[in-house]
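Structure first, then comments.
The values are calculated or read from the model by the stated rules, or taken from the named source; none is laboratory data. Predicted model only: the values in this text are computed from it and were never measured. Note that we place each Cβ from the backbone using ideal geometry, even for glycine, and neighbour counts take in every protein chain shown. In case anyone asks, the SASA skips ligands and DNA or RNA and just uses the protein heavy atoms, side chains included. Shrake-Rupley method; radii C 1.70, N 1.55, O 1.52, S 1.80 Å.
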Amino acid sequence: VIGPPAQKNIPDVMRYEPGFSVDLLADLALPIGEYDNDQPLNIGQNRWYGRIGAPMIMQIGAWVPGRRTTLELLPAVWIFGNNNDYVGQTLKTDPLFQLDAHLTRDFTEHVWGALDASWYNGGKATIDGVSGDKRNDVAFGLTLGYRINDNLNLTASYKSTVNDSAPSAMQMDSFMVTLVFGWHPLIEGSRRLKGE
């Protein structure tokens, strides 16, 4: 929506300076998986749900590999359809507001880290007119990333809730490892220019 022009060739990549950008994010999950209406917990949710967000990235300082710093924000809203067969009842969920923040920093050309924070608010569930509590969860964490090569990245992150002392509060510690492979003609072209 806002930001630098698209990178269409190798000179564009060489001159790339992200500055400040705002993008549009849209997710939609459809109820096409397996669902057992006799069980309250299922892999499938028997309803559609989706998210609309506006990811923002702000470059801080020079855009030099090994010294890059960014501030990333993701405000989003999750919207849920009804599950009309939740153990023979109707499950409704209010919209859920999400705000994620990441302060990232390159340590070397291949290693980077981030301080992470997230806040989820809303999402009150109602089953046949009986309402539960809305979410109000705050979590902090750390992420470490390693660029194995131009196509392969490995990240490990840990996050924990901090406002979880109330008996009804969600208590969560999560650890996630991600391996991402990406390919693009511009990346392959730049590798050929480097003689790799």
For this session: Enumerate the pairs (first residue in region 105-126 and closer than 19 Å to Ala76 by Cβ and at pLDDT below 95; second residue anywhere and open to solvent by less than 50 Å² (accessible area, probe 1.4 Å) and basic (Lys, Arg)) with beta-carbon separation below 9 Å, excluding pairs fewer than 6 apart on the same chain, so at least 6 apart or on different chains.
Result: none
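Any residue that is within 30 Å of Asp128 (Cβ to Cβ), of a type in the set (Val, Ile, Thr) and part of a loop (DSSP other than H, G, I, E, B) - is there at least one of those in region 38-53?
Filtering region 38-53 down to residues within 30 Å of Asp128 (Cβ to Cβ) leaves 38-52.
From what is left, the residues that are of a type in the set (Val, Ile, Thr) are 43, 52.
Keeping just the survivors that are part of a loop (DSSP other than H, G, I, E, B) gives 43.
Scanning region 38-53 turns up at least one residue that is within 30 Å of Asp128 (Cβ to Cβ), of a type in the set (Val, Ile, Thr) and part of a loop (DSSP other than H, G, I, E, B).
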Problem set entry | Matching residues, region 138-162, being over 30 Å from Glu109 (Cβ atoms), open to solvent by less than 60 Å² (accessible area, probe 1.4 Å) and over 16 Å from the mean Cα position of the chain (by Cα) | Thr161
For this session: Scan region 8-20 and report the pairs whose first residue is part of a helix (DSSP H, G or I) and whose second residue is open to solvent by 90 Å² or more (accessible area, probe 1.4 Å) and at pLDDT below 80, with Cβ atoms within less than 8 Å and a gap of 6+ or a chain change.
Result: Ile10/Leu193
Exercise. If you take the residues of region 21-36 that are modelled with pLDDT under 95 and open to solvent by 80 Å² or more (accessible area, probe 1.4 Å), which of them is farthest from Gly53 (Cα to Cα)?
Worked result: Glu34
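Looking only at region 40-57, which residues are more than 20 Å from Asp94 (Cβ to Cβ) and open to solvent by 90 Å² or more (accessible area, probe 1.4 Å)?
Filtering region 40-57 down to residues more than 20 Å from Asp94 (Cβ to Cβ) leaves 41-44, 54-57.
Leu41, Ile43, listed by residue number.
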Exercise. So which residues in region 1-20 are at pLDDT below 85, open to solvent by 80 Å² or more (accessible area, probe 1.4 Å) and not aliphatic (A, V, I, L, M)?
Worked result: Pro5, Lys8, Arg15, Glu17
Problem set entry | Out of Gln45, Gln59, Gln39, sole residue that is over 19 Å from Asn83 (Cα atoms), out of contact with any Leu (no Cβ under 7 Å at 6 or more places or on another chain) and not small (Gly, Ala, Ser) | Gln59
Problem set entry | region 74-90 residues that are open to solvent by 50 Å² or more (accessible area, probe 1.4 Å), paired with ones that are of a type in the set (Asp, Glu) (beta carbon under 8 Å, 6 or more apart) | Val87/Asp38; Gln89/Asp128
